[in-house]
Amino acid sequence: MLGTYALSAGYYDAFYLKAQRVRTLIRRDYDTAFESCDVVCTPTTPTPAFALGEKTGNPLDMYLADIFTLPPSLAGLAAISTPCGLSASGLPIGIQLVAPPFEEEVLCSAGQVIEDECGLVETRPTALA
């Protein structure tokens, strides 16, 4: 409801159009990357997993935990995250793969290769055991 108010109260140009421009810039950057590769690989999060409930009291920390997963979502791209290792303290580390729209088959194949090579799909993080 607040979004509707903001758009109807003269903020359309200030917020919505600016957000659309940013979305277009993000998509162009990915499109440029896809000219030389099939899949872009990024961390899923900037840090290993945190304890359940550890960051719920700090919305900024929660937002920052999604900093790598937001751009592909905003750009309308296909993305998948899979475990790729464990931190020194035994917490899971994820890797995110991003592909162009409608390239889910390539994306899932790349994800399967990572899962097979890392061999962690059946591994329970020691910090959670």
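Screening segment 32-46 for residues that are touching a strand residue (DSSP E or B) at 6+ places or on another chain (Cβ under 9 Å) and without any contact (Cβ under 8 Å) to a residue 60 or more places away in the chain and picking the one that is surrounded by the most Cβ atoms within 10 Å (Cβ to Cβ) gives 44. Annotation note: Cβ proximity below 7 Å between a residue of segment 16-27 that is under 13 Å from residue 77 (Cβ atoms) and at pLDDT 90 or above and a residue that is surrounded by 12 or more Cβ atoms within 10 Å (Cβ to Cβ) and of a type in the set (A, V, I, L, M, F, W, C) (sequence gap 6+ or interchain) occurs for 23/74; 23/75; 26/74; 26/75; 27/75. In segment 70-101, how many residues are within 14 Å of residue 115 (Cβ to Cβ), of a type in the set (Gly, Ala, Ser) and modelled with pLDDT of 90 or more? Residues in segment 70-101 being within 14 Å of residue 115 (Cβ to Cβ), of a type in the set (Gly, Ala, Ser) and modelled with pLDDT of 90 or more: 2 in total. Screening segment 67-110 for residues that are free of Cβ contacts under 8 Å to residues at least 12 places away in the same chain and of a type in the set (A, V, I, L, M) and picking the one that is nearest to residue 18 (Cα to Cα) gives 70. Say whether the condition of being over 21 Å from residue 114 (Cα atoms), in contact (Cβ under 8 Å) with a residue 24 or more places away in the chain and either of a type in the set (Asp, Glu) or in contact with a Leu (Cβ under 8 Å, 6 or more places away or on another chain) (or both) is met by at least one residue in segment 58-66. So far as segment 58-66 goes, no, none of its residues is over 21 Å from residue 114 (Cα atoms), in contact (Cβ under 8 Å) with a residue 24 or more places away in the chain and either of a type in the set (Asp, Glu) or in contact with a Leu (Cβ under 8 Å, 6 or more places away or on another chain) (or both).
The values are calculated or read from the model by the stated rules, or taken from the named source; none is laboratory data. Fair warning: this is a prediction, and the values are worked out from it, not measured in the lab. Cβ sites come from the backbone with ideal geometry, for glycine too, and all protein chains shown count toward neighbours.
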